[in-house]
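Student: Structure below; questions to follow.
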Amino acid sequence: MRPINPLYGPAWTSFELLRYDLHSSFDHQSSPLAHTHFLLHHESMMSQDDKYEKLYQEARNCCGEPFPEIAAFFEAYEKEGAQILDLGCGQGRDAIMMARHGHNVIGVDTSETGVHQMEEDAKREDLQVRGVIADITSFEIGGGFDVVILDRVLHMLAEEDRITVLSRVMRRAFQGGFILIADMPSNKPTYRAVFANGSSHWTSVLDRRGFLFMRKDFAN
Ligand SMILES: C[S@@+](CC[C@H](N)C(=O)[O-])C[C@H]1O[C@@H](n2cnc3c(N)ncnc32)[C@H](O)[C@@H]1O
């Protein structure tokens, strides 16, 4: 029997919390347990680094397969050998999939274990994936990217950090490049406003449930 958290009901295992981070908050407002989930989520934010480090040490491939929306994007994406930045890459489920399409991926995460596992998996298949152990709120990378992916990481940051990180990568995207966001639907109005106020024009290519995929238009 699971221990009972006197404030929020049954305590969740770290694996259940990850599943929540990945999936449940897409439908956050419609869940009858939304309030409990919300509190648990914020309680868990106090030890994000420890949580993921522990999870990744316990099991490989904690996050499962890439979301179908993200996989479909890369099935249809025609550019060859694209430069891709994966912020909050975790164990690299997206990074490995993208590199299998022939792209060059840099994956950044605070979890040393996650980054090392991603690099090991990439090495086994001779894929172009480089890992960086860093906090994305302070990480500043040079160069530009065809695609920047933020898969279920922005909601873990403070709101001002979400805006800072998104604004920074918007400047790093090449013209014609993409930013792919998977996050809580309730955060999407903020992201849309950041794109609308950017110095370049951005077009939405997917805006559904927890997904917001934007393309940076070519200058006129
Ligand atoms: C829900 S997991 C998603 C992992 C991966 N994007 C995926 O979809 O498989 C969130 C990841 O974000 C990372 N993370 C959270 N805050 C971070 C930060 N400030 N800087 C870098 N990584 C961070 C965590 O370590 C964790 O690996």
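The values are calculated or read from the model by the stated rules, or taken from the named source; none is laboratory data. Every value quoted in this text rests on a predicted model; they were computed, and no experiment measured them. Ideal geometry is used to build each Cβ from the backbone, glycine not excepted, and the neighbour counts take in all protein chains shown.
Student: Among Leu150, Leu154, which is the only one that is out of contact with any strand residue (DSSP E or B) (no Cβ under 6 Å at 6 or more places or on another chain), in the same structural domain as Gly210 (by TED's automatic domain parsing) and within 30 Å of Ala219 (Cβ to Cβ)?
Tutor: On the way: Leu150 fails: out of contact with any strand residue (DSSP E or B) (no Cβ under 6 Å at 6 or more places or on another chain).
It is Leu154.
Student: Within region 80-100, track down each residue that is closer than 18 Å to Gln57 by Cβ and either within 10 Å of the chain's Cα centre (by Cα) or of a type in the set (Gly, Ala, Ser) (or both).
Tutor: Gly88, Cys89, Gly90, Gly92
Student: Consider region 192-220. How many of its residues are among the acidic types (Asp, Glu) and on the phi > 0 side of the Ramachandran plot?
Tutor: Final tally of qualifying residues: 0.
Student: Condition check: surrounded by 18 or more Cβ atoms within 10 Å (Cβ to Cβ), more than 13 Å from the ligand (Cβ to nearest atom), at pLDDT below 95 and assigned to a helix (DSSP H, G or I). Does His37 satisfy that?
Tutor: Numbers: surrounded by 18 or more Cβ atoms within 10 Å (Cβ to Cβ): yes; more than 13 Å from the ligand (Cβ to nearest atom): yes; at pLDDT below 95: yes; assigned to a helix (DSSP H, G or I): yes.
Yes: the conditions hold for His37.
Student: A further question follows. Could you please tell me which pairs satisfy a Cβ distance under 7 Å, a separation of 6+ or placement on different chains, a first residue in region 181-197 that is within 17 Å of Arg215 (Cα to Cα), and a second residue that is polar (S, T, N, Q) and within 16 Å of the ligand (Cβ to nearest atom)?
Tutor: Listed pairs, sorted by first residue: Val194/Ser167.
Student: Additional query: Just give me the residues in region 114-161 being acidic (Asp, Glu), under 16 Å from His103 (Cβ atoms) and surrounded by fewer than 16 Cβ atoms within 10 Å (Cβ to Cβ), in sequence order.
Tutor: Glu125, Asp126
Student: Yes or no: region 107-114 includes at least one residue that is more than 14 Å from the chain's Cα centre (by Cα) and under 25 Å from Glu58 (Cβ atoms).
Tutor: Yes, region 107-114 contains a residue that is more than 14 Å from the chain's Cα centre (by Cα) and under 25 Å from Glu58 (Cβ atoms).
Student: Please work out if Gly92 is out of contact with any Leu (no Cβ under 9 Å at 6 or more places or on another chain), near the ligand (Cβ under 9 Å from one of its atoms) and at positive phi. So that I can check it myself, show each step before the final result.
Tutor: Values: out of contact with any Leu (no Cβ under 9 Å at 6 or more places or on another chain): yes; near the ligand (Cβ under 9 Å from one of its atoms): yes; at positive phi: yes.
So Gly92 passes the test.
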